[in-house]
Structures are given as structure tokens and as C-alpha cells.
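The next block holds one structure in the form of C-alpha cells; read it before the comments.
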Amino acid sequence: MRAVPHRIKANGLTHFVRDSGDEAAPVALLIHGFPDSSEVWARVTPMLVDAGFRVLAPDLRGFGETDMAPRKADYEINVGAIPDMLEILRSLNISRAHIVGHDFGAPVAWGLAAQRPDKFLTLTALSVGHARAFLQAGAEQRRMSWYILFHQIRFLSEAGYRFNDWMFLRRHWSAHGDVEGAIKYLARPDRLTAGLDWYRANISLGRMFHQPEDGAFGEEIVRIPTLGIWSDGDKYLGERQMKLSRGFVEAPWIYERIDGASHWIPYDAPDRLAELLINHWRKAP
């Protein structure tokens, strides 16, 4: 399998991107979340490549081997992540791609699909539904998302994660498929703060507990074929927020539930995930 690491200059940062598969094949852009890096896609990528797709898996700003941004505001999705992904595609001369996002990568993917339907063939959201669907999901979803409030507290949350050899991360994210790998990346200077700044820049208390004004998340309706995938072992995201996402898609919508997998679907169910992605992509117009 062809696998090429790229270091691409975009928006003042150097971005690390894993590029696998035939250069002439249809492209899929896979976006990870917290506390991960592009390594989260390692188990599913070979199956996607074998099916005839080219897989791009970048490290988001602040994660993995991509540079950190200097300010919290630089981690706001519309300021940082969306322009980053578009510039990576431009740098690699890719005109259109399928897009997949997991965890915090899912809001990035939702935003890209809504704002630039000319650049993407399909959207797949893993675990995290549309931002407004998340807000509509009610008290149970807010209870499951308690850790987001903890992440807002600068210095305290960093100290809490590092305490007693990262005990909180090992327990709270115990289902993670590579906890030691995640800790290795986050333990580097300022990297944990960079990861937490994704939450601080994008999820305020007001956004968690009140419906925002129209347009607060930018262009919201997705008009490309969309696949929403949720797993029944997810301790952080409920099924309702994914199902409600149907209301924000004006295009073919498919919902798939994977039983027996934790929040980390790419680690726990790579075969099933690959099957769903390949079927979704092959149906694209």
C-alpha cells in the first residue's frame, strides 16, 4: 500500500498528513478528534485503499505532528480547521473528496460539507451529530457531556489530566484503542492545552445550554449525501443527537448503528466501518 507522509504549509502552520492509496483514486478526507491524531484511522485505512480509494488523514492543528496555533481563538473551527482542510486539499491538487469526521472531527466535517458542497461528494459523521441536533437532544445529552464543562477550566483541567500519571485520562477514556499513544502526544509541552483549546474556542456554556441565534454556526444545512454512524457503547454521545441530525440534511440521509463498539468506532469496528464507508461512497453521484 502506497503511504506518503506530507508536511504542508497552510494558514501559517505546518500540517502533517498521511496520504495512502493510488494518487488517481477517488479521495476520502478522514478527520480525527480529541484526544487523537491521524493514527486513529490506521486500522480502517488499508481496507479503504484496497477498495480503490485514496485516503488523506491529517493531524488537526495542535494534535499529532501538526503545529500548534498560538492563541485559543485560532482553534475556532471556522477560523482554523475549515480553512486548514481546504488548503490541504488545494495544496495536493484535489478538487473534490468524500469527507469523514469522528469526535471533534465531525463538527469540522459538518461545517465543511455545509459551507463547501462544491468540494465534497459525501459526508460521514461518526459519533457526533449536527451541532443543532446536539443542542436539541436535551438534558440527557448534556449530562453525558459533563467533561466539556471540565475542559473549559484552564489550568485546572490540565492539572487534572496530568495528575498521578494521567490517571483521569486513563479512566475517563478507558475504551480508547491506544491510550498510551494518546498520552505520548499530549504529554509534550503545551500539547494538552492545544487539544483542550478546541473545546474552549468552540463550545461555550451558552452554546451548551441555550439554542444559539440563527447563523451562529455559519451555514448549517448540508446538501450532499450524508451518513450518520453511532455506536451503542458511546458514553459521551447519545443516539438521539445523531438521529435528530436528519433535520439538517437536505439530501439523501442514512443512519447506521454499530452495536458492541465504544465511542472509538475506528478502533473497535474497523471492518464494519470500512464496509459502511465504501458502500456510501460508491453510491455517490
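The values are calculated or read from the model by the stated rules, or taken from the named source; none is laboratory data. All values reported here derive from a predicted model rather than from experimental measurement. Note: ideal-geometry Cβ built from the backbone for every residue, glycine included; neighbour counts use all protein chains shown.
Before moving on, here are some points about what is shown:
- Qualifying residues in segment 21-32 (those that are touching a residue at least 40 places away in the same chain (Cβ under 8 Å) and buried (at least 24 other Cβ atoms within 10 Å of the Cβ)) - the one farthest from the chain's Cα centre (by Cα): 28
- Hey, residue 84 among the acidic types (Asp, Glu), crowded, with 20+ Cβ neighbours inside 10 Å and either closer than 19 Å to residue 264 by Cα or at pLDDT 95 or above (or both) or not: yes
- Selection over segment 269-285 of residues that are of a type outside the set (A, V, I, L, M) and within 18 Å of residue 106 (Cα to Cα) gives a count of 3.
- Any hit, segment 238-248, residues being assigned to a loop (DSSP other than H, G, I, E, B) and either at pLDDT below 90 or within 29 Å of residue 70 (Cα to Cα) (or both): no
- Test: residue 165 is more than 28 Å from residue 250 (Cβ to Cβ) and without any contact (Cβ under 8 Å) to a residue 60 or more places away in the chain: yes
- Among the residues of segment 132-159, the ones that are farther than 30 Å from residue 221 by Cβ and buried (at least 17 other Cβ atoms within 10 Å of the Cβ) come to 2 in all.
- Restricting 65, 140, 158 to those that are more than 25 Å from residue 39 (Cα to Cα) and of a type in the set (Asp, Glu) reduces the list to 140.
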